[in-house]
Structure formats: structure tokens, C-alpha cells
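For reference, the structure is listed below as C-alpha cells.
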Amino acid sequence: MLNDLIRQAVASKERVVGSLDRCDAILEEARRRWTAHEAPRAAMPRTLGVDGSCNSISYQGVELWAATAVAATPDGRSEVTVRPRMEVGRNPSLHDTMRRMEAEACARASEIAEVVLVDGSLRTVFIADDEAARNDVLRLIRGNETRIIFVSKTSEVDFEFGEMGSVAGDMWYYGRAGREPGYSRPLSKRAPRSSAQITSTYARVVRDAPLIKVEMLGGGITEADVRALLARLAAQCAGGYPQALRQAHNLCTITGEDMARVVPFLGIISPVGARAVLQ
């Protein structure tokens, strides 16, 4: 099947890419909204990256889930670790559980760091059904709008170019519009289920690096705020991505293999008998 899919992809490449490349007007608009800016390396503030992880495994209806969150330094030290939770039973709100743990890690990190970088999109906090966790995050960030920053490696929203007939997310067009370091014009949009504003910008810290999406709470974020943030990030990025977030991800990730290794210690999976070998 894989070979069939590869052959199909090769055969369809020109048609698919052509449908995207026809949007010359969008690419030109993306270049117009982009500000070339090579951020000077400011003195690196005390920075912590916050990330969370969750996973689950099931066997014949018995489900085991786990979640945790950490705040890490750029050199890989875990400054804050939210005690991992592991329970047996279905948890349809597993990602909400993880987000609450991320919020706790973020709150503790904000007490000891000048800048807190949170992995993921701020918009997902508002989309989540957990209203209590949403309010906790809002209370935490208010007054710290330029200290607690959400950073994403990917984004599918089309807030900027959707009205121009885009067939991909805004980030895709900014990524193809150029290779120089800089940032897009900050855009403020109302958050889902809230009157709060979220300001976002796409940025490239060094030339040829992948884009990142930066989100901050509030509608009063200026280009000067963005440039100041990029100067802070430039001092501790590797390959255009904040080291603190990379280290947090490495420290907190719960893999499927991890879950499988834990299961035997709980004794919840004890299959009886075995299938005969297929001839």
C-alpha cells in the first residue's frame, strides 16, 4: 500500500502544488506584511519552556492514561515538574487534564523566570471545554502579557488570507514568501468564547529557519514588543526554535512505548492462552 501511495503522490505532485502556487497574489501580500528584521542577541533573560504530554493505552476495554507537564531551562534542567498522574479508566477529557497541568507548570514557572514560553497555541486554551482551566490561564497571563508567550511550530488558521481564497493556512504562505529573518504584521483577533484579544505574529529568528507562530494575550501588542521578544529568543534559539521548549518537550514526552512498559507493573493485562501459529 505504501508503494501505491508514493506512486499516487508523484503522479499528483504537479496538480497539487500547482493549485497552491497559483495564489501569487497571496504570496505577494504575505511579502508586503512581512518586516525583515535580524534580531540582535540581547542578554538572555532567565527563560523557562513549558510543555505537557499525555498518552493512553487500552486492552480489551481496560484503559490506562497518564499526563504530566514540566518547565525546563534552555540547557535541559527541569525547574518545575508537575507530578505525573496515572489512572485506570476512560478519560474523554485527557487533553484538558494535561492543559490544567501545563497551567500549573506555567504558574510556578512565572514565579522564577523572566520569560515563560508555552508550547502550543493560546487559542486552544479558549477552545477547550474546561472553563475553570480557561479562567485560571487568563488570570495568570493578565499583567504578564509580554512575559508569558505561546509558541507553535505549526498553524492551520487562515485568518489573514482566507478572504483572498487561500487553500492553505496563513503560515504556509508566509513560509513560502521568503527566507529572511523577521516577522509578520501583528494581528489581533477575538479569542473563542471570550471577549479577550489574542495577538499573533509569524516569525523567523534566523535566515532559512522554519517559521514559528507567536501568540500573546491582549490587543495592545506592538511591533516594538515583537522585536524585543525576538531579541530575547535569538539568544537561546537553535535552528530558529527556542531551546527551552525543545528541552521541555524531551523531558515530558510520554510515549506509547512508555505506556506499554508500565502496564505489566499494574497487572491489568494478563491474557490467558494464545493463538495458534498461522500456517
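Taking square-rooted eigenvalues a ≥ b ≥ c of the alpha carbon gyration tensor, is the range 1-123 rounded, prolate or oblate, where a/c under 1.5 means rounded and, failing that, a/b exceeding b/c means prolate? Verdict is oblate for the range 1-123. Full extension of the chain between Met164 and Ser93 yields a length gain of 21.9 nm, computed as 0.36 nm times the residue separation minus the alpha carbon distance.
Using only alpha carbons, the range 84-137 has a radius of gyration to Kirkwood radius ratio (Rg to Rh) of 1.00. How high is the relative contact order of the chain, in percent, with contacts defined as C-alpha pairs under 8 Å that are six or more residues apart? Averaging sequence separation for qualifying contacts and normalising by length gives 25 percent for the chain.
Put in line by how crowded their Cβ is, counting other Cβ atoms within 10 Å and starting with the fewest, Thr199, Thr47 read Thr199, Thr47. Over the C-alpha trace of the range 154-250, radius of gyration and Dmax come out as 13.9, 39 angstrom. When Rg and the Kirkwood radius Rh are both evaluated on Cα atoms of the range 116-205, their ratio Rg/Rh stands at 0.98. Once the chain from Ala132 to Glu111 is taken as fully extended at 0.36 nm per residue, the excess over their C-alpha distance is 5.5 nm. Taking Rh as the Kirkwood radius, which is the inverse of the mean 1/r over Cα pairs, what is the Rg/Rh value for the range 108-169? When Rh is taken as the Kirkwood radius, the ratio is 1.07. In the chain, inverting the average of 1/r over every pair of distinct C-alpha atoms gives 20.9 Å as the Kirkwood radius.
Cross-link partners for Lys13 among the aspartates and glutamates, with Cα-Cα distance under 17 Å and sequence neighbours closer than 8 places in the same chain left out: Asp4, Asp21. Once the Cα-Cα distance is subtracted from the 0.36 nm per residue extended length, the Arg83 to Asn144 segment shows a gain of 19.4 nm. Note on Tyr173, Tyr241: ascending count of other Cβ atoms within 10 Å places them as Tyr241, Tyr173, the fewest first. The lysines within cross-link reach of Lys153, meaning a Cα-to-Cα straight distance under 21 Å and a gap of 8 or more places when in the same chain, are Lys189, Lys213. If you run the Gaussian network model on the chain, springs between alpha carbon atoms under 10 Å, then out of Ala244, Ala109, Ala191 the most flexible one is Ala191.
Per-residue ellipticity at 222 nm, computed for the chain from helices alone with -39500 (n - 2.57) per DSSP H run of at least four residues, works out to -11500 deg cm²/dmol.
The label-point distance for Glu28 and Glu180, in a model that sets each label 7 Å from Cα toward Cβ, rounds to 1.9 nm. Charged side chains reduced to their Cβ positions (Lys and Arg at +1, Asp and Glu at -1) give the range 23-266 a dipole of some 440 debye around its Cα centre.
Rounded to 0.05, the FRET efficiency of the Glu257 and Ala209 pair, given R0 = 22 Å and the Cβ-Cβ distance, is 0.15.
Every number in this text was worked out from the coordinates using simple rules, so none of it is lab data. It should be emphasised that the depicted structure is a prediction, and the values quoted were computed from it without experimental measurement. Ideal geometry is used to build each Cβ from the backbone, glycine not excepted, and the neighbour counts take in all protein chains shown.
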